[in-house]
Amino acid sequence: MKMNIKLTTVTLPTIHSNPQSVIVTDETMAARKTNFLEQMKTNSIDTAIIYADREHGANFEYLTGFIPRFEEACLVVHANGDSYLLLGNENLKLAEHSRIKAKAIHVPFFSLPNQPMAGEKKLENFFEESQIKPDAQIGIIGWKLFTASSYDNADLFDLPFYIVDCLLNYVSNRSQLKNFTFSLSSPEGGLRTTHNANEIAHYEAGASLAGIGMFNAIQAIEVGKTEKEIGALLAQDGQPNTVTTISAAGQRFTNATLYPRDKEAQLSDNYSITVGYKGGLSSRAGFVVSSKEQLPENQKDYLEKVGKPYFTAYATWLENIRIGISGDEFYSMIESVFPSDVYGWTLNPGHYTGDDEWMSSPFYPGSKAVVKSGQLFQVDIIPSVPGYSGASAEEPIAIADEALRDELKQQYPDVWKRIEDRRNYIKNVININLSDDILPLSDTVAFYTPFLLNKTLAYTKEA
């Protein structure tokens with residue numbers, strides 16, 4: 001897997017303007033519910049309770065199509081398909097728009113502080129109204145897939161304590177409550193880890209926005225520009241971000257500030273940029289310089305120490321991901337090319353994406369999960385070499401077999417055209433050999449300019 005990486009002047013990637021949103025179809029939503037009910041049957045779950053709030057709503061949204069914005073909510077699904085939406089004051093209006101047929105139940109506890117508590121009852125009464133039986137086997141779904149070795153993960157719950165406490169008092173025995181989050185997000189069979197053509201097209205629109213914003217921001221970086229000026233270019237179409245937007249020059253987090261500041265970029269500053277939308281995230285780390293000579297004095301060898309080894313791992317990632325490879329094998333391959341004890345990465349070398357920026361990951365030592373057609377991944381390896389700035393060209397891709405590619409091509413020709421343009425650029429300009437199964441979801445996949453004042457000087461693989 002030895003390869004030579006160089007910096008060379010390249011043509012810029014095609015940046016596609018105004019990607020149209022793709023709505024998840026009724027057929028897709030119906031299939032989601034059918035598949036979820038099958039998961040419940042397989043795991044002997046009588047009733048599933050899916051919690052949501054503004055930050056943790058993706059599992060709830062998977063079936064309802066919406067999140068409860070600024071309140072809390074629970075979706076109750078019974079094995080026979082009957083469903084109930086437990087909603088606060090300001091989200092009751094959304095029940096009629098739910099993509100899953102469900103009876104709305106007003107739970108004032110889920111409303112914002114000091115709002116009217118009209119209709120207040122004990123939570124146990126709302127459980128009864130939702131037809132939850134005290135002797136039922138109940139699957140609890142928050143948002144986090146627990147993978148601890150020191151606990152029984154089935155007994156860990158990430159819902160607010162007052163809800164869990166009332167459930168514990170309501171059921172006959174604690175053993176009736178089981179964490180059921182794995183049914184949606186586990187690398188081994190979680191429903192949300194694979195997608196059909198409609199879903200991939202839906203997420204590609206958001207991933208495209210991330211790439212557009214990233215490209216615009218990179219092109220605008222100049223000495224004297226503020227983080228806010230650059231950060232403003234990352235915002236796209238008023239769509240919600242899946243992570244905190246980053247636009248940071250030099251030292252980050254001064255005064256515990258996480259967001260773009262009024263700080264101006266200076267020559268030789270390191271610079272970090274990140275933006276994410278539903279479907280994918282784009283991230284870059286580089287320097288406000290035009291050439292190697294302008295790098296900080298203590299990092300003149302940055303390209304050799306960090307940049308080129310990182311992009312070697314990145315290109316290796318893209319050239320070797322394939323349907324059927326196990327998470328353990330893939331992890332070991334990246335470890336062999338980019339040893340963690342040398343380059344300081346501690347997280348998984350890639351993970352699933354979608355409504356959550358990081359849902360879960362199949363890439364870890366000993367993983368038996370395998371890469372499947374229909375999965376969406378972030379190419380995400382985070383080096384941390386003492387004394388050197390970081391490197392990042394994180395981007396989203398999809399994996400699709402021939403049948404799924406044909407569906408995309410026929411049903412979403414505009415999406416397919418963007419994907420083909422990206423594939424051609426990566427293969428013919430960056431010289432990374434993509435298999436037919438890899439679908440770049442952003443215009444900036446593999447386009448990495450570490451010297452941010454030299455807009456066309458990018459890493460490429462020597463042909």
Positive-pole candidate from L63, T14, T25, dipole of the range 1-78, charges at beta carbon: T14
Beta bridges by DSSP in the chain, antiparallel share as percent, to the nearest 5: 75 percent
Area accessible to solvent at F451, 1.4 Å probe radius, in Å²: 10 Å²
With DNA, RNA and ligands ignored, accessible area of I212 (1.4 Å probe; Å², nearest 10): 20 Å²
Rounded tilt (10° steps) of 413-428 against the dominant C-alpha axis of the chain: 40 degrees
List Y425, Y412, ordered by accessible area with a 1.4 Å probe, largest first: Y412, Y425
With Cα atoms, 0 to 90° folded angle of helix 402-411 axis to the chain main axis: 80 degrees
Ranking by accessible area, most exposed first, for T194, T274, T34, T147 with a 1.4 Å probe: T147, T34, T194, T274
Virtual paramagnetic centre 7 Å along Cα→Cβ of I323, amide N under 17 Å, in the range 420-436: 434-436
E55 accessible area, assembled protein chains, probe 1.4 Å, Å²: 140 Å²
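Only Lys, Arg, Asp and Glu count, each charged at its Cβ (+1, +1, -1, -1), so figure out the dipole size of the chain about its Cα centre, rounded to 20 debye.
On the way: 41 positive and 57 negative charges, 114 e Å.
My answer is approximately 540 debye.
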Inter-part distance where the range 27-101 and the range 388-426 are each reduced to a Cα centre, Å: 30 Å
Unit charges at the beta carbon, dipole of the chain: most positive-side option, N320, Q137, G276: N320
Carbon/sulfur fraction of accessible area - the chain, other protein chains in place, 1.4 Å, %: 49 percent
Exposure ranking of T28, T8 by accessible area [1.4 Å probe, largest first]: T8, T28
Separation of alpha-carbon centers, the range 270-303 and the range 132-175, rounded to whole Å: 43 Å
Simple label model, 7 Å out from Cα along Cβ direction - N255 to M3, nm: 4.3 nm
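The values are calculated or read from the model by the stated rules, or taken from the named source; none is laboratory data. All values reported here derive from a predicted model rather than from experimental measurement. Cβ atoms come from the backbone with ideal geometry, glycine included; neighbour counts cover every protein chain shown. Ligands, DNA and RNA are excluded from the accessible area calculation, which covers all protein heavy atoms including side chains. Shrake-Rupley method; radii C 1.70, N 1.55, O 1.52, S 1.80 Å.
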